[in-house]
Amino acid sequence: MELAIADKITQKPAIKRNVYENVTQQFNKASDLMDLDPDIRKILATTTNEIIVHFPAIMDNGRIEMFTGYRVQHNNVLGPYKGGLRYHPAVDIDEVRALATWMTWKCAIAGIPFGGAKGGIAFDPSKHSFGEMERITRRFTYALNGNIGPEYDIPAPDVNTNSQIMAWILDTYLSSVTPQERNRSIHIVTGKPIASGGSQGRDKATGQGTVFCIEQWAKDKNFDLNNATYMIQGFGNVGSWAAKLLKPFGSKLVAVEDHTGAISNPEGIDPDKLAIYVKERKGVHGYPAAEPVDHESFFKTKADIFIPAALENQITAETAPLLNVKLVAEGANGPTDIEGDGILQEKNIDLLPDILCNGGGVIVSYFEWLQNKRSESWELEEVDERLRKKVINAYKKVKNTSQEFNTDWRTGAYIVALSSIQEVYRTRGIFP
Amino acid sequence: MDAVVRKIAPKKEENKNPGICASCKNLNFCTYPRNQSRPIMQCEEFLGFEPRTKQGKKVVSLRLYQAKTRKKEKELSQYKGLCRYCVNCEQCTLPRSEGGVWICDEYMDEE
């Protein structure tokens, strides 16, 4: 008998268990609370398609090497499969399976007509030349063949893949369709360079979505963002944009931690100046207009809002008790583990969960897909306005559902996602 | 003022980690506390690959690579015919006709 996806994950050795456990637990908690139809639960606990391809690519020395690529398609009841492609040596079917499932929930909560998928190739890109990367990418695209398509499964950048890789996938895919189909198929990938059909506003989308959520939370709580204090973990794309976008509200950035260390200044740190410094020095370490602090002191900083925008499992049983904030707005994926979540609830700290708060990225990917499909090109203002509507709509749904089920916002977000999928299955039924 | 730098995990240990850290360029400078039993799958500060040539040197950009190739082409353009592709071209003392050499028993390519 086929094992359910959650069983497959938990059967793995300890070292391979990770943040996906949190997601599986959340899925189970939300399913129990909303009394999800057991038949639909069965469907969602398993992926739809798992494609493994072994393909050759010619190296610079003329020799051939074999590579293994994956594409897991979890569920497409809401629309075409959507999810990133990652290149790194540890890619395996379990990791891709977990991340594909996560994408289904993320798209459902964001209210966009996409299902969940993920893929990748197990190899170390740092050991390959530009030319080899191109040949590997093109052969992988060719090997996937009909398993991806603009109306079927749309890849996007992820770990070690970027707009250049997307451009190669686009070109290879277009070469495999008839000339009449080519201009109708450029939405085969998102995350493209703007000149090749990418969207305005994609770079700041995740940070912008996070700030829209915070703005709405402040409105709900009658909380004035002017002179509010906030701290950020992670000053990469999401963290730096969130900081820059909060500045016009008059909010004060009082502490930042990134991979090089942590800094604090109760008088405020200018996000724009810090961004310039980080671009030059590759980290916040040594920023002259702030004091250096250690990891523990960073978590103890008194602030109104904390935006974790770095990596997973940072708010844990060790760090959650240290937090002295009113709101945690999760810009990163899975920054809070199960224990950390419980402590935040005990401390009455409000939480904007990751699948709601960092959905801006996938929403603007949807906008890119939509623009390509309609042969349109939207101005930045239009992208921002549409993003605001989508994010606020998702926020309100999560808020109302959490109140209706008298539960926390993370569980509420999962219930919103599962309800929309359940509704479609109930209406359409199962063939035959 | 310097930020406090925490203990940095050695790279060789991290390579055993099945997460994405092993292929991150920030690995040697990263001070985030990490747990080997919870490999990182997603990180907003992940810094990706730098493509390498077959000699192991970094490829700075495609444009630079093309510029270098064009320079080499220009240098070789003074030779015509087989000489252009012959490894002995620069040392060769045999007489060359103006229209280029098209048949030569001494011709030798890179292979």
(message) If the requirement is being buried (at least 24 other Cβ atoms within 10 Å of the Cβ), assigned by TED's automatic domain parsing to the domain that holds A:ASN226 and not β-branched (Val, Ile, Thr), which of these qualifies: A:LEU311, A:LEU351?
(response) A:LEU311
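For the stretch A:249-362, which fully contained helices (runs of 4 or more DSSP H) count at least 3 residues that are within 13 Å of another protein chain (Cβ to nearest Cβ), over 19 Å from the mean Cα position of the chain (by Cα) and more than 30 Å from A:LYS390 (Cα to Cα)? Don't jump to the end; show me each part of the working.
Details: elements: A:271-281, A:295-300, A:338-346, A:354-357.
The qualifying helices (runs of 4 or more DSSP H) are A:271-281, A:295-300.
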(request) Would you point out the residue of the stretch A:44-54, among those that are surrounded by fewer than 17 Cβ atoms within 10 Å (Cβ to Cβ) and in contact with a Ser or Thr (Cβ under 8 Å, 6 or more places away or on another chain), that is nearest to A:ARG139 (Cα to Cα)? (result) A:HIS54
(request) Output the number of residues of the stretch B:72-90 satisfying the condition of being modelled with pLDDT of 70 or more and either on the phi < 0 side of the Ramachandran plot or among the charged types (D, E, K, R) (or both). (result) 12
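Output the number of residues of the stretch A:237-248 satisfying the condition of being more than 10 Å from chain B (Cβ to nearest Cβ) and buried (at least 22 other Cβ atoms within 10 Å of the Cβ). Please lay out each step first, then the result.
Taking the stretch A:237-248 as the starting set, the residues that turn out to be more than 10 Å from chain B (Cβ to nearest Cβ) are A:241-248.
Adding the requirement that they be buried (at least 22 other Cβ atoms within 10 Å of the Cβ) leaves A:241-243, A:246.
Of the residues in the stretch A:237-248, 4 are more than 10 Å from chain B (Cβ to nearest Cβ) and buried (at least 22 other Cβ atoms within 10 Å of the Cβ).
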(request) Kindly list the number of the only condition in (1) surrounded by fewer than 24 Cβ atoms within 10 Å (Cβ to Cβ); (2) outside the structural domain of A:PHE212 (by TED's automatic domain parsing) that fails for A:GLU339. (result) (2)
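Quick grid of which residues meet (1) exposed (fewer than 15 other Cβ atoms within 10 Å of the Cβ); (2) modelled with pLDDT of 95 or more; (3) assigned by TED's automatic domain parsing to the domain that holds A:ASP341; (4) of a type in the set (Lys, Arg):
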{"residue": "A:LEU380", "(1), (2), (3), (4)": "yes, yes, no, no"}
{"residue": "A:LEU387", "(1), (2), (3), (4)": "no, yes, no, no"}
{"residue": "A:LYS390", "(1), (2), (3), (4)": "no, yes, no, yes"}
{"residue": "A:TYR395", "(1), (2), (3), (4)": "no, yes, no, no"}
{"residue": "A:VAL398", "(1), (2), (3), (4)": "no, yes, no, no"}
{"residue": "A:ASN406", "(1), (2), (3), (4)": "yes, yes, no, no"}
{"residue": "A:TYR414", "(1), (2), (3), (4)": "no, yes, no, no"}
(request) Report the residue count in the stretch A:257-284 for those that are surrounded by 20 or more Cβ atoms within 10 Å (Cβ to Cβ), farther than 17 Å from B:PHE46 by Cα and in contact with a strand residue (DSSP E or B) (Cβ under 6 Å, 6 or more places away or on another chain). (result) 5
(message) So for the stretch A:64-73 (the condition being assigned to a strand (DSSP E or B), without any contact (Cβ under 8 Å) to a residue 24 or more places away in the chain, in contact with a strand residue (DSSP E or B) (Cβ under 8 Å, 6 or more places away or on another chain) and among the hydrophobic types (A, V, I, L, M, F, W, C)), does at least one residue qualify?
(response) yes
(message) Can you go through A:LYS192, A:LYS118 and tell me which one is crowded, with 20+ Cβ neighbours inside 10 Å, at pLDDT 95 or above and basic (Lys, Arg)?
(response) A:LYS118
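Going through the stretch A:81-102 one residue at a time, which ones are of a type outside the set (D, E, K, R), part of a helix (DSSP H, G or I) and in contact (Cβ under 8 Å) with a residue 60 or more places away in the chain?
Start the filter on the stretch A:81-102 by keeping residues that are of a type outside the set (D, E, K, R), which leaves A:81, A:83-85, A:87-91, A:93, A:96, A:98-102.
Restricting the remaining residues to those that are part of a helix (DSSP H, G or I) gives A:93, A:96, A:98-102.
Of everything in the stretch A:81-102, those that are of a type outside the set (D, E, K, R), part of a helix (DSSP H, G or I) and in contact (Cβ under 8 Å) with a residue 60 or more places away in the chain turn out to be A:ALA98, A:LEU99, A:THR101, A:TRP102.
Based on what the data block shows, is A:ASN160 within 13 Å of another protein chain (Cβ to nearest Cβ) and on the phi > 0 side of the Ramachandran plot? Spell out the reasoning first.
On the way: within 13 Å of another protein chain (Cβ to nearest Cβ): yes; on the phi > 0 side of the Ramachandran plot: yes.
For A:ASN160, the condition - within 13 Å of another protein chain (Cβ to nearest Cβ) and on the phi > 0 side of the Ramachandran plot - is met.
How about the stretch A:112-151: which of its residues are part of a loop (DSSP other than H, G, I, E, B), away from chain B (no Cβ under 12 Å) and touching a strand residue (DSSP E or B) at 6+ places or on another chain (Cβ under 7 Å)?
Step one: of the stretch A:112-151, the residues part of a loop (DSSP other than H, G, I, E, B) are A:112-114, A:122-124, A:128-129, A:148, A:150-151.
Of the ones still in play, those that are also away from chain B (no Cβ under 12 Å) are A:112-114, A:148, A:150-151.
Result: A:PHE114, A:ILE148.
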(message) For the list (1) in contact with a strand residue (DSSP E or B) (Cβ under 8 Å, 6 or more places away or on another chain); (2) more than 21 Å from A:ASN22 (Cβ to Cβ); (3) surrounded by 24 or more Cβ atoms within 10 Å (Cβ to Cβ), I need the number of the one condition that A:GLY234 fails.
(response) (2)
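Counting only residues that are of a type in the set (Phe, Trp, Tyr), part of a loop (DSSP other than H, G, I, E, B) and within 23 Å of the chain's Cα centre (by Cα), how many does the stretch A:190-241 have? Give the derivation first.
Initial filter on the stretch A:190-241 (of a type in the set (Phe, Trp, Tyr)): A:212, A:217, A:223, A:230, A:235, A:241.
When the remaining residues are screened for being part of a loop (DSSP other than H, G, I, E, B), the result is A:223, A:235.
Still in the list and also within 23 Å of the chain's Cα centre (by Cα): A:235.
Of the residues in that region, 1 qualify.
The values are calculated or read from the model by the stated rules, or taken from the named source; none is laboratory data. Everything quoted here is computed from the prediction, not taken from an experiment. FYI the Cβ positions are ideal-geometry reconstructions off the backbone, even for glycines, and counts take in every protein chain you see.
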